[in-house]
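Next up is a structure, given as structure tokens.
The values are calculated or read from the model by the stated rules, or taken from the named source; none is laboratory data. Every value quoted in this text rests on a predicted model; they were computed, and no experiment measured them. Here the Cβ positions follow ideal geometry from the backbone for every residue, glycine too, while neighbour counts run over all protein chains shown.
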């Protein structure tokens, strides 16, 4: 049976969030299998981290550290030319902060996934990719990233599990990288289209790029962004389509 993880970025809301309230995070936690929790650098704080971790753990959703450049003003979506040793320390602090918050509610951090500009930079930026891996290495946690990225190659070289990821709601270029958010085709928001492309990724290992070419993609996990318009409906459509086709939707990291 084919299997894939469905992940989403959570804990990014500006206003305080609490489980049980009719909020987007709470809804998404009934659908996804892994939660990438903001660690304070681009969004979130320790109280929000703890609450998201509490509900994720209760629902059997794996918790991951969603680390970023320190850039709350830009929501972590601007490249920061920070020295590698500084970035390494910043990422290590973010992971430690989430682990501390998770521990207060009996949850455990299971993986690390970079966010936004950092995620895209370390596809090719060797120094920043190495800095991220060196920050993660003492924890032994898996690293989630784009297939064929520098960060996943370096993670493997350092003995860490490298988890390949695809995106349900983002456009792809022919080289397998994501269309920048500033360009046309960056977002995919039609529910049927999103569900169909994720099913194809899961079963055939291919996705259609914005120029019409097919791109081979090997993904253990697929992401729906919580700030994409209609995110909850998109995630629900993806999960329903996968399960109706017999795909096992489950966390890649043991819960």
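Which one of 254, 237 is at pLDDT 90 or above, within 20 Å of the chain's Cα centre (by Cα), closer than 25 Å to residue 10 by Cβ and outside any strand (DSSP E or B)?
Checking each option against the conditions leaves just 237.
Follow-up question, since we're still on this one. From the list 146, 199, 160, pick out the single residue that is touching a residue at least 12 places away in the same chain (Cβ under 8 Å), in contact with a strand residue (DSSP E or B) (Cβ under 6 Å, 6 or more places away or on another chain) and surrounded by 18 or more Cβ atoms within 10 Å (Cβ to Cβ).
The match here is 160.
Can you tell me which residue in segment 210-234 is nearest to residue 37 (Cα to Cα), limited to those that are in a loop (DSSP other than H, G, I, E, B) and modelled with pLDDT of 95 or more?
220
Quick one: which of 97, 86, 189 is farther than 28 Å from residue 56 by Cα and outside any strand (DSSP E or B)?
That would be 86, the only listed residue that is farther than 28 Å from residue 56 by Cα and outside any strand (DSSP E or B).
Being closer than 14 Å to residue 108 by Cβ and either out of contact with any strand residue (DSSP E or B) (no Cβ under 6 Å at 6 or more places or on another chain) or free of Cβ contacts under 8 Å to residues at least 60 places away in the same chain (or both) is the filter here, so list the residues in segment 20-78 that pass it.
35, 49, 50, 52, 53, 54, 56, 57, 58, 60, 63
When segment 218-227 is examined, which residues are found to be surrounded by 21 or more Cβ atoms within 10 Å (Cβ to Cβ), over 14 Å from residue 2 (Cβ atoms) and touching a helix residue (DSSP H, G or I) at 6+ places or on another chain (Cβ under 9 Å)?
224, 226
Go through segment 130-167 and give me each residue that's assigned to a loop (DSSP other than H, G, I, E, B), under 23 Å from residue 255 (Cα atoms) and touching a helix residue (DSSP H, G or I) at 6+ places or on another chain (Cβ under 9 Å).
141, 142, 146, 159, 160, 161
Within segment 240-251, track down each residue that is on the phi < 0 side of the Ramachandran plot and either assigned to a loop (DSSP other than H, G, I, E, B) or surrounded by fewer than 14 Cβ atoms within 10 Å (Cβ to Cβ) (or both).
Those that are on the phi < 0 side of the Ramachandran plot and either assigned to a loop (DSSP other than H, G, I, E, B) or surrounded by fewer than 14 Cβ atoms within 10 Å (Cβ to Cβ) (or both): 243, 244, 245, 247, 248, 250, 251.
Still on this structure, please answer the following. Which numbered condition in (1) touching a strand residue (DSSP E or B) at 6+ places or on another chain (Cβ under 7 Å); (2) surrounded by 21 or more Cβ atoms within 10 Å (Cβ to Cβ); (3) closer than 30 Å to residue 193 by Cβ is the only one that residue 120 fails?
Condition (2) is where residue 120 drops out.
Which residue out of 55, 89, 51, 108 is surrounded by fewer than 18 Cβ atoms within 10 Å (Cβ to Cβ) and under 25 Å from residue 255 (Cβ atoms)?
On inspection, the qualifying residue turns out to be 108.
Residues 209, 232: which one is in contact with a helix residue (DSSP H, G or I) (Cβ under 6 Å, 6 or more places away or on another chain) and either farther than 20 Å from residue 28 by Cα or surrounded by fewer than 21 Cβ atoms within 10 Å (Cβ to Cβ) (or both)?
232
Pick from 194, 188, 215: which is within 20 Å of residue 119 (Cβ to Cβ), buried (at least 16 other Cβ atoms within 10 Å of the Cβ) and in contact with a strand residue (DSSP E or B) (Cβ under 6 Å, 6 or more places away or on another chain)?
215
Is it true that residue 95 is farther than 19 Å from residue 225 by Cα and surrounded by 16 or more Cβ atoms within 10 Å (Cβ to Cβ)?
Yes, satisfied.
Condition check ((1) under 19 Å from residue 97 (Cα atoms); (2) surrounded by fewer than 17 Cβ atoms within 10 Å (Cβ to Cβ); (3) at pLDDT 95 or above) across all residues:
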| position | (1), (2), (3) |
| --- | --- |
| 5 | no, no, yes |
| 11 | yes, no, no |
| 28 | no, no, no |
| 31 | no, no, yes |
| 36 | yes, no, yes |
| 40 | yes, no, yes |
| 68 | yes, no, yes |
| 79 | no, yes, yes |
| 83 | no, yes, yes |
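Return the total of residues in segment 172-183 being farther than 19 Å from residue 231 by Cα and out of contact with any helix residue (DSSP H, G or I) (no Cβ under 9 Å at 6 or more places or on another chain).
6
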